[in-house]
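Throughout, read-outs are computed from the coordinates displayed, never taken from laboratory work. The shown structure was predicted, so the numbers you read here are calculated from the model rather than taken from an experiment. With ideal geometry, Cβ positions are generated from the backbone for all residues, glycine too; neighbour counts draw on all protein chains shown.
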Amino acid sequence: MLLVINANNTNVKFGVIDGDKIVGEWRQHTSAMRTADEHAVWLFQLLAMEGIEPSSITEAVIASVVPQATFNLRRLCTRYFECTPLVLGDPNISYGIKIKGQGAGADRICNTIGAAILFPRTPMIVVDFGTATTFDVVDEEGSYCGGVIAPGINLSIEALVNATALLPRIVVEKPVNVIGTNTVECMHSGVFWGYVGLIEGIVQRIRTEFGRPMRVISTGGLAPVFDGATTVIEQIVPDITARGLIEIYRRNRK
């Protein structure tokens, strides 16, 4: 079996893959201070709950945008699963696609490859709702063409709360009305519909600049919140990052 680890700024996502089937998925809050031993205690308990023997995991792949956390994730694999993980960003890693520009994070490369697998020969925009909201542009060849990085919606809420004296912390949800009649309703409307406007505006500008029809899909923890709120997003694909990461592993292990 294959252990798939995707370390983002908010959560580290662990998955166990048996052939083409995901047999276990779990999330852990990202902490650069968490040791390999702490990862193992937590993960081994969850594996046991799913009836998965740790010894059945013989390979591992890691995508991380948190360099401080990567060392202990590597150590988790080498010590507790007795395998050397494939780590995105290491020398000699082959992605099998063209990456136009510099500085693309591991998660954005995975999104690109996942999109190209699911929708071959189709220009795409992948909207990823994470700590930051990213817009990844994929061309007909499956190449990463660049994109846009915007503050994530929860990050925007935190900035609003921390910079004001009386505004409360709210949970992201779709408001009933655009016009709020109290402070909380006004905040819900401003955050939610303001973000919908951001999504629609950026997608429109990307399409205009790209100059060809493009399919738009979304992923990330907050993607379901915006389901049905805008017509520019055609489909939610929750596991697109994992699909891309698994494909990168297969291309390199060959």
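Each Lys and Arg Cβ is given +1 and each Asp and Glu Cβ -1; about its Cα centre, region 72-157 then shows a dipole of about 240 debye.
Over region 1-95, consider all pairs of different Cα atoms and compute the Kirkwood hydrodynamic radius from their mean reciprocal separation; express it in Å, one decimal.
Numbers: mean 1/r = 0.0752 Å⁻¹.
Value: 13.3 Å, from the Cα pair sum.
Full extension of the segment from Thr35 to Ile117, taken as 0.36 nm per residue of separation minus the current Cα-Cα distance, would add 26.1 nm. Seen through its C-alpha gyration tensor, with square-root eigenvalues sorted a ≥ b ≥ c, region 10-159 comes out prolate because a/c lies at 1.5 or above while a/b is bigger than b/c.
In debye, nearest 20: dipole of the chain around its Cα centre with unit charges on the Cβ of K, R (+) and D, E (-)? Intermediate results must be reported in sequence, preceding the final value.
Numbers: 22 positive and 25 negative charges, 103 e Å.
Around 500 debye, computed over the chain.
Quick one: if the Förster radius is 30 Å, what FRET efficiency do Gln45 and Arg253 give, using the C-beta to C-beta distance and rounding to 0.05? Don't jump to the answer; show the numbers that get you there.
Numbers: r = 28 Å, r/R0 = 0.95.
So the FRET efficiency works out to roughly 0.60.
Helix 106-118 axis versus longest C-alpha principal axis of the chain: approximately 90°, rounded to the nearest ten.
Using a simple spin-label model with pseudo-atoms 7 Å out from Cα toward Cβ, Lys21 and Lys98 lie 4.0 nm apart. Applying the criteria of a DSSP loop state and at most 13 other Cβ atoms within 10 Å to the GluC sites (Glu not before Pro) of region 152-218 yields Glu173.
Compare the Cα positions of Gly103, Leu43, Val137 along the charge dipole of region 32-169 (+1 at Cβ of Lys, Arg; -1 at Cβ of Asp, Glu; about the Cα centre) and return the one farthest towards the positive end. Of the listed residues, the answer is Gly103.
Rounded if a/c is under 1.5, else prolate if a/b beats b/c, else oblate: with a ≥ b ≥ c from the C-alpha gyration tensor eigenvalues square-rooted, which is region 179-254?
Numbers: a/c = 3.53, a/b = 1.76, b/c = 2.01.
Oblate.
Which angle between 0 and 90 degrees, to the nearest 10, do you get for helix 36-49 versus the longest principal axis of the chain when only C-alpha atoms count? Taking the Cα atoms of the chain, the angle to 36-49 is about 90 degrees. Does region 82-158 classify as rounded, prolate or oblate by the C-alpha gyration tensor (a ≥ b ≥ c root eigenvalues; a/c under 1.5 gives rounded; else a/b over b/c gives prolate, otherwise oblate)? Since a/c reaches 1.5 but b/c is at least a/b, the shape of region 82-158 is classed as oblate.
Computed across the chain, the Kirkwood radius stands at 19.5 Å (inverse of mean 1/r, all Cα pairs). The angle separating the long axis of helix 183-210 from the principal Cα axis of greatest extent in the chain is about 70 degrees. Extension gain, Glu209 to Ala163, is 13.1 nm, computed as 0.36 nm per intervening residue step minus the present C-alpha separation.
Each stretch of four or more DSSP H residues adds -39500 (n - 2.57); spread over every residue of the chain, this sum gives -12000 deg cm²/dmol at 222 nm.
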